[in-house]
Amino acid sequence: MQVGKHYYFADGARAFTDRGGRLTTPSENTEVIRSLVAIAESRGWSEITVRGTERFRKDAWLAARLAGLKVRGFRPTEFEQAHLVRSLSREGGR
């Protein structure tokens, strides 16, 4: 549900806020992260900056990189980089 620039889950918890040039969320929900990346992609953004918990930044980095976006604010480990490469190669094989 949307109220102004705020979007909410059915239970009333805030999912995210759309400030036009900036999207924010208090959530670490994977679907919310994917949705925010999809919004960024649909707006033609080529790069995003992530802030928040380590888990949020890691999940947002992965979702954004899979979508082809550059990411600032998270430095992946070698393992995470390898996971990205594997995921991209699997998607390319479809």
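Hand me the trypsin sites (Lys or Arg not before Pro) from the stretch 32-89 located in a DSSP loop with no more than 14 other Cβ atoms within 10 Å, in residue order please.
Loop-located and lightly packed - ARG43, ARG51.
Quick one: net charge of VAL32's neighbours, Cβ under 11 Å, K/R +1, D/E -1? Don't jump to the answer; show the numbers that get you there.
Numbers: positive: ARG14, ARG34; negative: GLU28, GLU31, ASP59.
Every neighbour counted, the sum reads -1.
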Of all DSSP beta bridges with both partners in the stretch 2-92, the antiparallel percent, nearest 5, is 70 percent
Using every Cα-Cα pair within the stretch 2-92, state what percent have a distance larger than 18 Å.
45 percent
Residue with peak Gaussian network fluctuation, the chain [Cα springs, cutoff 10 Å], from THR24, THR49, THR77
THR77
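What's the magnitude of the charge dipole for the chain around its Cα centre, counting Lys and Arg as +1 and Asp and Glu as -1 at the beta-carbon? Answer in Debye, nearest 20.
Numbers: 17 positive and 11 negative charges, 52 e Å.
For the chain, the charge dipole is close to 240 debye.
Can you give the helix-only mean residue ellipticity at 222 nm for the chain, where every DSSP H stretch with n ≥ 4 adds -39500 (n - 2.57) and the sum goes over all residues, rounded to the nearest 500 deg cm²/dmol? Present the calculation step by step, with values, prior to reporting the outcome.
Numbers: 3 runs with 41 residues, N = 94.
One gets -14000 deg cm²/dmol as the mean residue ellipticity at 222 nm.
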Full extension from ARG22 to HIS6: what is 0.36 nm times the residue separation minus their Cα-Cα distance, to one decimal in nm?
4.5 nm
In whole Å, what is the distance between the alpha-carbon centres of the stretch 34-88 and the stretch 1-26?
20 Å
Tail weight of P(r) past 13 Å, computed on alpha-carbon pairs of the stretch 1-53, percent:
59 percent
Could you point to the residue in ALA38, GLY20, THR53 farthest towards the positive end of the stretch 1-62's charge dipole, with +1 and -1 charges on the Cβ of Lys/Arg and Asp/Glu respectively?
GLY20
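Every read-out reported here was derived from the displayed coordinates using simple, explicitly stated rules and does not represent laboratory data. In this text the structure is predicted, and so the values were computed from the model without any measurement. A quick note on method: Cβ atoms are made from the backbone with ideal geometry, for glycine too, and the neighbour counts reach across all protein chains shown.
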